[in-house]
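Asker: My questions will all concern the structure given below.
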């Protein structure tokens, strides 16, 4: 049994220690936000916040998060209480198929926590690990800059 | 007054197949096109809201399921609004008239005195009924009839506005929406062990245990493992890969000599277009070759499907672009009647054409066959997606063109050589699905085809220049040997043909001593083409463009498929260690635009996709296997490399709507190539436009 904090609440998963965090979150914890894209930390679709840092979850063993705090896109906000970044992504219509968005939102949260007023180059750099094949990049950059302007709660 | 029905409606004329109402106040629309990230569900909802006079939140969309949904073939070719939207507009307008007629008759209020307010039929004395009160009267059981009842463009309220995407909140809040997110009770996970190389056959599976709880599925050379837990299925697959013994042999051509292979491979030649106006002969000529390697769809989400058997019938959940077409090929490959197959569409990641979506559906049906009553899900790996999806064919385009003494285009010859650009399922005697050729007994792999020009063409798409030309000869050679499976990808042959034509136009302009913009405008009789070209040039400041060393601007224009939307692009590049696209300006004429922001999103997205293909992408292979099966070996454009994109739409609400997903692709590739010449003085001859390929072009 591996215990950790998931989206602000205590969680305990009865899985082998070497099961990747992504598989544990999707299969055992019933989440759909973190997505499988490549399985080798090369596309960004599976990013989650681990103690506030944006990290890929597809290879990270579940045992590595014992006692730590994991946040997925589901933990950022909801339609009735959206995170400012989620509001900004909707305002900018920043997405097409949307498969990459959960991971991108996670890295954007980490960026704005570390640097509340990033410039465009800093946004691009923070999102560099993430692939978007639909070509929504410019909208996504605008959305992150909008969220920075409109304020992210500390 | 139109005397015929829209094509999708003529093929599926029963009104209730498209539209229904519920007594509790909901509208249900059932389009035959599917959401692939292009925003079609939102655009169709807008159209229905306008013609029915209901608020958008009342409208629910039922995604395609066989055999009840309208069969609109494949969601492809930038035809979603063009086909489904026009049909649905007709259906909704006719339904509104039918319901109002019944309400008028029932209430005695003349139909002219009735209006619809969010679904209520309101007369001078108040409401006399609604869609909801008449919902169960069977008023839509009849067939659609010809005749225009749709509102005039000026009366549209939501169509023509940038309604927010209805599917985006699910995606931004991480709610389950994709097929990948479905967890039906008793779900089993399967993984398929793809062949180690093209044409390999299974010799044996050596004895050895699979992880506890995992079971093996085998049919010929098709191998899969099943497990209750996904991570166990992953482990079982790795184990199976070590146990499987194969016979392998060389089947692929030399990647480094693909232009020569295209020239020498057996093929069928045809004339695409020709004319001779008997004008002055060419006195100055250019002759150039253009090559593009195989390229991949490279979806970020690997293909996924679920299947569940009941006796000899199977139900399949798929993110296919063509549920009915897939159904036909599943029946062939599974050797069961088509009536025994149900295909339900569920969204997947963007596909950009015929990727592995259909193939994985057969994988799931095969994996599930031995466990009736259990739903089995197959998820492809990244290596499967990049290594085994169909690819867009390698292409070679040869152009010979010349000017007469007056500087007019006297001659233009273009010959395109390519494999076919469609292996889509459901169109031939044999299934095109990947695993079909590995079964016992195996199915032969059908050759990819190039559709005729009137259907939009394949390799020859956009091979005919839109310019005034004295003597024109356009030919195509379709290769009849297909060592690597090819199929439809965004634009089909258009990106390479538009690049070749527009690069030649720049060279001809140079021969004429004229600016590329002025030279094009002088040879354009198509006013809508000229308008987008001028607009894009104005946006980019073409006339005032600078001449800083290592940077440059190029422009290009095309009418997609020669019968779709008009689109012009100006690109700006900076030559660093590699060429980088820094700015893209797009002007497009899409006719009526149902959702302007959605159209802009599609245009800018396709331009970024095209930039990625132009600068970075090539499928790599040795003599046995595709080796570019990871993001390291098949790199695509990243955030740091994405150009800024500006888009202008020339809105023509009175004109038929034309799709937005593909028209910018070819012009973007071409504009980047022409910008590279402006920056470096070298004419790209081979995609991708890497430093190595540009250096090779300089030497020839």
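What follows draws every value from the coordinates through simple rules; no lab data is involved. Keep in mind that what you see is a predicted model, and the values were worked out from it rather than measured. A quick note on method: Cβ atoms are made from the backbone with ideal geometry, for glycine too, and the neighbour counts reach across all protein chains shown.
Asker: With 10 angstrom as the radius, rank A:17, B:400 by how many other C-beta atoms surround their C-beta, starting from the fewest.
Answerer: Listing A:17, B:400 from fewest to most nearby Cβ atoms yields A:17, B:400.
Asker: Still on this structure: Report the full-extension gain for the segment residue A:59 to residue A:79: residue separation times 0.36 nm, less the Cα-Cα distance, to one decimal in nm.
Answerer: Here the segment from residue A:59 to residue A:79 would lengthen by 4.2 nm.
Asker: What span do the alpha-carbon atoms of chain A cover on each of the three principal axes, reported in whole Å from largest to smallest?
Answerer: 42, 30, 26
Asker: Can you run the Rg to Rh ratio on region B:7-171? Use alpha carbon positions and the Kirkwood inverse-distance Rh.
Answerer: Rg/Rh: 0.96.
Asker: Residue separation times 0.36 nm, minus the C-alpha to C-alpha distance between residue A:128 and residue A:114: what's the value?
Answerer: Residue separation times 0.36 nm, minus the Cα-Cα distance, leaves 3.4 nm.
Asker: Same structure, new question: Between residue B:260 and residue B:468, what's the calculated FRET efficiency when r is the beta-carbon distance and R0 is 60 Å? Round to 0.05.
Answerer: 0.95
Asker: Here's a follow-up. Consider all pairwise Cα distances in region B:558-700 and report the whole-number % of them above 18 Å.
Answerer: Percentage above 18 Å: 58.
Asker: On to the next question. To the nearest whole number, what is the average tally of beta carbon atoms from other chains within 10 Å of the beta carbons of peptide B:33-43?
Answerer: Shielding by partners across B:33-43 averages 2.
Asker: Find the centroid of the Cα atoms in region A:1-74 and in region B:145-178, then give the distance between the two in whole Å.
Answerer: If we compute the Cα centre of each part, the gap is 36 Å.
Asker: Quick one: among A:58, A:46, A:134, which has the greatest mean-square fluctuation in a GNM of chain A with alpha-carbon springs under 10 angstrom?
Answerer: Top of the fluctuation ranking is A:134.
Asker: Output the peptides A:97-106, B:239-248 sorted from most to least packed, where packing is the average of other Cβ atoms within 10 Å over each peptide's residues.
Answerer: Per-residue mean Cβ counts within 10 Å order the peptides as A:97-106, B:239-248.
Asker: How far, in degrees from 0 to 90, does helix A:137-150 lean away from the longest principal axis of the Cα atoms of chain A, to the nearest 10?
Answerer: 90
Asker: Taking only the alpha-carbon positions of the protein assembly as shown and ignoring solvent, what does the Debye formula give for the base-10 log of I(q)/I(0) at q = 0.05, 0.07, 0.10 Å⁻¹?
Answerer: So the normalised log intensities are -0.28, -0.55, -1.14.
Asker: Say R0 is 60 Å: what FRET efficiency, to the nearest 0.05, do residue B:24 and residue B:578 get from their beta-carbon distance?
Answerer: 0.55
Asker: How much mean residue ellipticity at 222 nm does chain A get from its helices, if each DSSP H run of length 4 or more adds -39500 (n - 2.57) and you divide by all residues, to the nearest 500 deg cm²/dmol?
Answerer: -8500 deg cm²/dmol
Asker: Can you give the FRET efficiency to the nearest 0.05 for residue B:284 and residue B:313, using r as the Cβ-Cβ distance and R₀ = 45 Å?
Answerer: 0.10
Asker: Hey, how many Å between the Cα centroid of region B:93-138 and the Cα centroid of region B:531-581?
Answerer: What the calculation gives is 52 Å, centre to centre.
Asker: Now a separate question. Fewest first, what order do A:127, B:517 take by the number of other Cβ atoms within 10 Å?
Answerer: The fewest-first ordering by Cβ neighbours comes to B:517, A:127.
Asker: Sticking with this structure for a sec: Between residue B:276 and residue B:11, with labels modelled 7 Å along Cα→Cβ, what's the label distance in nm to one decimal, could you check?
Answerer: About 4.0 nm, to one decimal.
Asker: Compute the distance in nm between two label points, each set 7 Å from the Cα along the Cα-to-Cβ direction, one at residue B:249 and one at residue B:518.
Answerer: About 6.2 nm, to one decimal.
Asker: Hey, how many Å between the Cα centroid of region B:231-279 and the Cα centroid of region B:356-384?
Answerer: Their Cα centres are 24 Å away from one another.
Asker: Any chance you could run the full-extension gain for residue B:269 through residue B:698? It's 0.36 nm times the residue separation minus the Cα-Cα distance, nm to one decimal.
Answerer: Result for the pair: 151.3 nm of gain on full extension.
Asker: Measure off 7 Å from each Cα along the Cα-to-Cβ vector at residue B:644 and residue A:66, then give the distance between these two points in nanometres to one decimal.
Answerer: 5.2
Asker: Just the ratio, please: alpha-carbon radius of gyration of chain B over 2.2 N^0.38 Å, N its number of residues.
Answerer: Ratio of Cα Rg to 2.2 N^0.38 Å: 1.01.
Asker: Identify which of A:109, A:19, A:73 has the largest mean-square fluctuation in a Gaussian network model of chain A, with springs joining Cα atoms closer than 10 Å.
Answerer: Highest fluctuation among the options: A:19.
Asker: Stokes-Einstein D for region A:2-75 at 10 °C, 1.306 mPa s, Kirkwood Rh over Cα pairs, in µm²/s?
Answerer: Answer from the Stokes-Einstein relation: 135 µm²/s.
Asker: How much mean residue ellipticity at 222 nm does chain B get from its helices, if each DSSP H run of length 4 or more adds -39500 (n - 2.57) and you divide by all residues, to the nearest 500 deg cm²/dmol?
Answerer: -8000 deg cm²/dmol
Asker: Would you mind ranking B:219, B:363, B:250 so that the residue whose beta carbon has the fewest other beta carbons within 10 Å leads the list?
Answerer: Listed from fewest to most nearby Cβ atoms, that is B:250, B:219, B:363.
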